[in-house]
Amino acid sequence: LENLQPEIKEIAKRLRYEVSARGKQLGWSEKVARFHFTKNMRRIVTELYIRDNCHPFKATVLLWVQIPMWVCVSLALRNCSVGALGSTVQEQFSSGGALWFTDLTAPDSTWILPVALGLVNLLVVEV
């Protein structure tokens, strides 16, 4: 979308001139000229999106899939560690860690995992 912006600006400038000239020929009012400019500009921009296969809705599809998935995974992990029925799951989580986090039910006192997770998420978003 960003790569199309200079082309869209150039087309808008040219179309504004053409609609203005045509409007003076046919005696259009400012409102009618604005309507024709908007209608044609919308059509041209849609054609550019189709040509380059970059509709703005495609950028939001990932967000609408990712948010429910994140909520479901968060709830599943919470239910596994805190709200699990039976003590076998609690025992497995309290003794199944590695390195400095041997108890998966206790908060990370060193803040290494939360900071690392935040940095990885920031890296994914920026890339």
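Rolling a 1.4 Å probe over the heavy atoms of the protein chains gives the chain an accessible area of 83 Å² per residue. Given a 1.4 Å probe and every protein chain left where it sits, what share in percent of the accessible area of the chain is carbon and sulfur? About 66 percent, which is the carbon plus sulfur part of the accessible surface.
Starting from the Cα of L62, move 7 Å in the Cα-to-Cβ direction to define the label point; list residues of region 98-127 whose amide nitrogen is under 11 Å from there. Under cut-off, by backbone N: 124-127. Projecting the Cα atoms of F37, H55, L26 onto the charge dipole of region 13-55 (Cβ charges, centred on the Cα centre) puts L26 farthest toward the positive pole. A Förster radius of 25 Å combined with the Cβ-Cβ distance from E7 to F35 puts the calculated FRET efficiency at roughly 0.60.
For region 56-126, the relative contact order works out to 15 percent when only alpha carbon pairs closer than 8 Å and six or more residues apart are counted. Using the Kirkwood radius over Cα pairs, work out the Stokes-Einstein diffusion coefficient for region 3-54 at 25 °C and 0.890 mPa s, in µm²/s as a whole number. Rounded to a whole number, D works out at 211 µm²/s. Rounded to the nearest 500, the 222 nm mean residue ellipticity of the chain from helices alone is -25500 deg cm²/dmol, with -39,500 (n - 2.57) taken per DSSP H run of at least 4 residues.
Our coupling estimate for region 42-49, obtained by passing each phi through the Karplus curve with A = 6.51, B = -1.76, C = 1.60 and θ = phi - 60°, is 4, 5, 5, 5, 4, 5, 5, 4 Hz, Gly and Pro reported as x.
The values are calculated or read from the model by the stated rules, or taken from the named source; none is laboratory data. Quick caveat, the model's predicted, so the values are computed rather than measured. With ideal geometry, Cβ positions are generated from the backbone for all residues, glycine too; neighbour counts draw on all protein chains shown. Just so you know, the surface numbers come from the protein's heavy atoms only, side chains and all, with ligands and any DNA or RNA stripped out. Shrake-Rupley method; radii C 1.70, N 1.55, O 1.52, S 1.80 Å.
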